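Reviewing the structure listed below.
What follows draws every value from the coordinates through simple rules; no lab data is involved. Owing to the predicted nature of the structure, the values given are computational and were not obtained by experimental measurement. Here the Cβ positions follow ideal geometry from the backbone for every residue, glycine too, while neighbour counts run over all protein chains shown.
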Amino acid sequence: MRLLIWHGWLLEGAGSNVYTARVTDVLRRRGHDVLLLCQEGHPERYDFLDAWGNVGAEGVSNLSEGGAKPADGHATLLRPDIGGLLPVFVYDEYEGFEVKRFVDLTNAELRTYLERNVAALHAASEWHEADAVIAGHAIPGPVIARRATGDGRYVAKIHGSDLEYAVRLQERYRRLAAEGLAGARAVVGASADVLSRTVELVPEAGGRTMVVNPGVDVGRFRPRDGASALSSAADLLSRDSSAEAGRPLSIDEAVRNALQARDQEALDRLALGYDQDVPDPDAVKKLRELASQPGPMVGYIGKFIPQKGVQLLLGALALAKARPRALLIGFGQCREWLTALLLALDAGDAEAVAWLDGQVDEPIRLPTDAVRGATGLAGRVIFTGRLDHRYAPEALAALDVLVVPSILDEAFAMVAAEGAAAGALPLVARHSGLAEVAAVLEREVGAPGLFSFEPGPGAAQRLAHGLDRLLELPQDERAELRRKASAAVNREWTWERTAERLLAAADEGSVG
């Protein structure tokens with residue numbers, strides 16, 4: 001089958017990026033001819049891409065051949081010519097672009113972005129002679145695909161951030177979503193929850209919905225000894241020179257000064273002073289030290305933004321009786337705010353914690369005596385900077401518990417599934433698509449509620465209780481839970497299964 005996949009961003013980092021990369025890889029291996037439209041600036045890093053180039057209203061240009069691994073199919077990446085402005089749902093930095101949130105675009109900027117993408121997609125579809133198009137997110141992919149190819153020629157793929165950070169917030173995006181989803185052959189989403197939210201916001205999507213869960217690379221995410229997994233991650237990182245541009249050690253002192261001055265703007269500026277997309281320069285040293293230390297370890301991997309709820313994990317670590325070590329892997333504008341919170345807790349400074357609580361929608365709300373009892377916490381918490389999918393399987397395998405404390409609705413819990421496959425017991429907020437993933441894994445191990453906690457006020461306390469409940473289990477019981485959870489992921493969520501479901505939607509549109 002000749003498929004065209006439109007994705008507006010990169011192939012690493014966010015869940016939708018990873019989804020796009022893995023599905024393209026699987027489809028190529030299964031003999032399909034895939035044309036991928038996205039803004040990935042380093043296609044040479046991906047061994048499933050046979051060629052890459054650019055595309056705009058004038059057609060395809062600058063096509064280069066790559067050195068992809070052998071496969072029965074073929075995959076080409078083309079970068080649509082959209083100019084220098086890249087809209088996003090949640091602000092982050094992107095190499096070579098001015099970045100603005102969708103909700104901050106002027107109508108003229110939005111119109112230009114859509115028009116240039118429509119022209120590029122139309123030209124790419126004609127060049128590729130695509131049988132079907134898979135267009136990502138409720139906006140902007142489906143409306144671009146409809147304007148470029150016509151009704152019934154594309155599948156719309158919902159991810160969740162599109163709903164919560166654009167469609168729900170502004171009527172112009174609800175209208176664009178309605179236009180795009182109304183003409184789709186099928187509307188697929190990662191969970192029943194995200195599809196329900198889609199139809200609630202955009203009734204035009206109803207009647208053609210289909211759950212297509214994301215997958216896990218189960219060949220790479222698998223259980224292994226924690227210490228050796230950390231050592232392997234450190235060995236891989238030691239060959240990555242990009243960490244030199246990462247977060248300088250001197251920033252910790254600057255964070256401390258900004259905290260003492262109660263200067264939120266200074267904290268925000270600090271996060272812009274280094275490359276957020278790479279590991280910390282001392283990450284190798286930190287991982288090697290962790291590998292030699294005994295005791296339970298919990299962790300988080302993902303973006304450092306308030307909506308992901310990492311502050312709740314720090315609050316829970318201050319409360320948990322098990323006193324586990326914690327590995328915080330991630331990137332984002334909230335990194336220095338989280339560092340400040342860790343320093344305030346470590347100092348037992350209730351006034352500073354209260355000030356930081358006032359900066360976010362979901363504060364940790366710890367009692368004063370709990371804050372004062374948190375002294376020493378900084379010695380148990382390690383930040384590494386960003387560790388992408390080259391390192392994530394090893395990092396996750398080293399954890400006893402992986403926490404996914406997101407506050408806002410999520411379409412799925414891809415990272416929780418990856419963690420479970422690697423042997424890290426998940427502990428997720430019990431809402432939206434996260435709850436669906438937790439329910440499957442809890443059913444598989446026969447323990448309702450074991451892998452989830454109730455969100456809302458008091459969540460840090462409930463998360464702490466969940467951590468203690470898991471970490472206090474006898475070692476042999478935890479090992480059996482790890483085995484069962486990993487086996488469940490291998491049965492339920494693989495990229496091969498994801499690709500098969502997408503093909504069914506694109507080929508037949510037999511949904512309801």
Inter-label distance, nm, simple model (7 Å from Cα along the C-beta direction), residue 64/residue 224:
3.2
List the aspartates and glutamates whose Cα lies under 17 Å from the Cα of residue 321, skipping any in the same chain that are fewer than 8 positions away.
346, 369, 400, 468, 472
Once you charge only the Cβ atoms, +1 for Lys and Arg and -1 for Asp and Glu, what is the size of the charge dipole of segment 59-192 about its Cα centre, to the nearest 20 debye?
440
Report, to the nearest 10°, how far helix 192-201 tilts away from the longest principal axis of the Cα atoms in the chain, using its own Cα long axis and a range of 0 to 90°.
60
Under 20 Å from the 7 Å Cα→Cβ point of residue 368, by amide nitrogen: which residues of segment 338-361?
344-359
Report the full-extension gain for the segment residue 475 to residue 447: residue separation times 0.36 nm, less the Cα-Cα distance, to one decimal in nm.
8.4 nm
Can you give me the relative contact order of segment 205-306 as a percent, contacts being Cα pairs under 8 Å and 6 or more apart?
38
So between residue 292 and residue 57, what do we pick up on full extension, going 0.36 nm a residue minus the alpha carbon distance?
78.9 nm
What relative contact order, as a whole-number percentage, does the chain give when Cα pairs under 8 Å and 6 or more residues apart are counted?
14
Cβ charges +1 (Lys, Arg) and -1 (Asp, Glu), total dipole of the chain, debye:
860
Descending packing, highest mean Cβ count within 10 Å first, for 141-149, 227-235 is 141-149, 227-235
Taking +1 at the Cβ of each Lys and Arg and -1 at the Cβ of each Asp and Glu, which of 112, 401, 340 sits farthest along the dipole of the chain towards its positive end, judged by Cα position relative to the Cα centre?
401
How tilted is helix 226-237 with respect to the longest principal axis of the chain? Cα atoms for both, answer in degrees (0 to 90, nearest 10).
60
For a quick protection proxy, order the peptides 246-258, 386-398 by their average other-Cβ count within 10 Å, most packed first.
386-398, 246-258
Ranked packing of 358-369, 152-163, most packed first, by mean Cβ within 10 Å
152-163, 358-369
Rank 318, 32, 378 by how far each Cα sits towards the positive end of the charge dipole of the chain (+1 on Lys, Arg Cβ; -1 on Asp, Glu Cβ) and give me just the farthest.
318
